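Everything on this sheet refers to the single structure shown next.
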Amino acid sequence: MKIDLRSDTFTKPSPEMLEAIYQAEVGDDVFGEDPSVNELESRMASLFGMEAALFCPTGTMSNQIAIKVHTRPGDEVICEQQAHVYIYEGGGIAFHSGSQVKALPGNRGRITADQVVAAINPDDVHKARTSLVCLENTSNRGGGSCYNWEDILAIKQVCQIHKLSLHLDGARLFNAMTATGQTPKQYGEVFDSISVCFNKGMGCPIGSVLMGSKEFIRQARRVRKVFGGGMRQAGYMAAACVYALDHHIERLKEDHDHAKQLAEALSKKDFIGNILPVETNLVIFEVKGRFTASTLSDTLRHYDVHCLPISPTQIRFVTHLGVNSDMIKRVIRLINDL
Ligand SMILES: Cc1ncc(COP(=O)(O)O)c(C=O)c1O
């Protein structure tokens, strides 16, 4: 039995999701005529109380489209120093938007309003124009950490005072809302744009939805075409996302419980150092003593348990709908026996 804890991107569609894909009504989405894409976009916009939405193939594309629309070349984007938009999107902010980044050291991926204030450039010809703040919730490199709602509101206030746009990389936003209890509408009221992934904990093969005002999405749709992301019968993929909205949100709590159980088992072992607090479906932990990250991962792989060394001393486990309770029990037994 293969147990894949490397990433929640390894999920495969269930037979029910495949049936929804098979039954999807489709059309040419570049002409705006794909009913399944239109349904997904309007459901997401109304769920978040935002004016409009755009279906994109990946989270990277929806983030980069948002950054492109919010900035002009020569601008500066404020984000945390381990933000996905900055370290894992191939230098996309420079490549697509011609903007530079002011990367702030955060607390497990999260920055504060005070840090943002201090990072805003003055109106000075020598300085790049600060135009956008990007937050990530949950934070991937922060080990699935969630923002406190008050901290988000404080950052929003700073953005309003200084006329900065505020974008949310919500690749795992449904995980964050499951853990903290905020609603999609609360997020929709605060952020100028939000990207949400369906190809991670939501269990779909493809897809991310970008949301914002009508005017923002009008421009985003144009940028998506320029980036080569105008898809035709994309409704087959959108139908999977609609299925996930109906069936895969409530179960996320199970993934979070599984992550906590894994962390609990790890915490008892002498070869495990610091474990980042587990808030959602990611467990990032330090390996020491008898193992390095790579020897522990090799040992687990020998038993068909797959995980991701993310540095010479750190491993990441990710729980998701492809890992059930029996599999978690098996991994825990294996950890106990090491
Ligand atoms: C926080 C975060 N943002 C964006 C992305 C990008 O998503 P995609 O792989 O669909 O491009 C990821 C992917 O892991 C992510 O973890």
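Every pair of different Cα atoms in segment 146-278 enters the Kirkwood calculation, which places the hydrodynamic radius at 17.2 Å.
Modelled this way, with points 7 Å down the Cα-to-C-beta line, the labels at Leu153 and Asp337 are 5.1 nm from one another. Once backbone amide H atoms are built at 1.01 Å from N, Glu136 has Asp169 as its partners under 5 Å, excluding neighbours fewer than 5 places away on the same chain. Sequentially through segment 204-210, phi angles give Karplus couplings (6.51, -1.76, 1.60; θ = phi - 60°) of 9, x, 8, x, 8, 10, 9 Hz, Gly and Pro residues having no value and appearing as x.
Tell me the net charge near Met1. Cut-off is 9 Å between Cβ atoms, Met1 excluded, with +1 for each Lys or Arg and -1 for each Asp or Glu.
Values: positive: Lys2, Arg330; negative: Asp304, Asp326.
Charge balance in the 9 Å sphere: 0.
Stokes-Einstein, applied to the Kirkwood radius of segment 183-237 over Cα pairs at a viscosity of 0.692 mPa s and 37 °C, places its translational diffusion at 259 µm² s⁻¹.
Grab the alpha carbons of segment 250-338, take their convex hull, and tell me the volume per residue in Å³. Present the calculation step by step, with values, prior to reporting the outcome.
On the way: hull volume 7.2 nm³, N = 89.
Expressed per residue, the convex hull around the Cα atoms of segment 250-338 is 80 Å³.
Relative protection proxy for 201-208, 310-317, from highest mean packing down: 201-208, 310-317 (other beta-carbon atoms within 10 angstrom). Spatial offset of segment 263-335 relative to segment 180-197 amounts to 31 Å, using the alpha carbon center of each. Counting pairs of Cα atoms in segment 16-68, how many percent are more than 18 Å apart? The answer is 45 percent, as a whole percent. Close amide-amide hydrogen proximity is noted between Val101 and Val77, each under 5 Å apart and 5 or more residues distant or on a separate chain (H modeled in the peptide plane; Pro and chain starts excluded). Looking at the chain, the accessible area is 43 square angstrom per residue; that uses a 1.4 Å probe and ignores ligands, DNA and RNA. What the phi angles of segment 290-305 give under the Karplus curve with 6.51, -1.76 and 1.60, with θ = phi - 60°, is a coupling list of 5, 10, 9, 4, 6, 6, 5, 5, 5, 4, 5, 4, 4, 9, 6, 10 Hz, glycine and proline written as x.
For a straight C-alpha distance cut-off of 16 angstrom, the lysines reachable from Lys127 (same-chain residues fewer than eight places away being disregarded) are Lys102. Considering helices alone, the calculated mean residue ellipticity of the chain at 222 nm is -12500 deg cm²/dmol, with DSSP H runs of length four and up weighted by -39500 (n - 2.57) and normalised per residue.
Kirkwood radius and radius of gyration were both taken over the C-alpha atoms of segment 110-177, and their ratio Rg/Rh is 1.02.
Based on Cα atoms of the chain, Rg over Rh with Rh as the Kirkwood radius reads 0.98.
Each 10 Å bin from zero holds the following percent of Cα-Cα pairs in segment 40-196: 11, 44, 37, 7, 0.
Pairwise alpha-carbon distances in segment 47-103 exceed 14 Å for 54% of all pairs.
The values are calculated or read from the model by the stated rules, or taken from the named source; none is laboratory data. Note that this is a predicted model, so its numbers are computed, not measured. Reconstructed Cβ throughout: ideal geometry from the backbone, glycine too, with neighbour counts over all protein chains shown. Note: areas computed on protein heavy atoms with side chains; ligands, DNA, RNA excluded. Shrake-Rupley method; radii C 1.70, N 1.55, O 1.52, S 1.80 Å.
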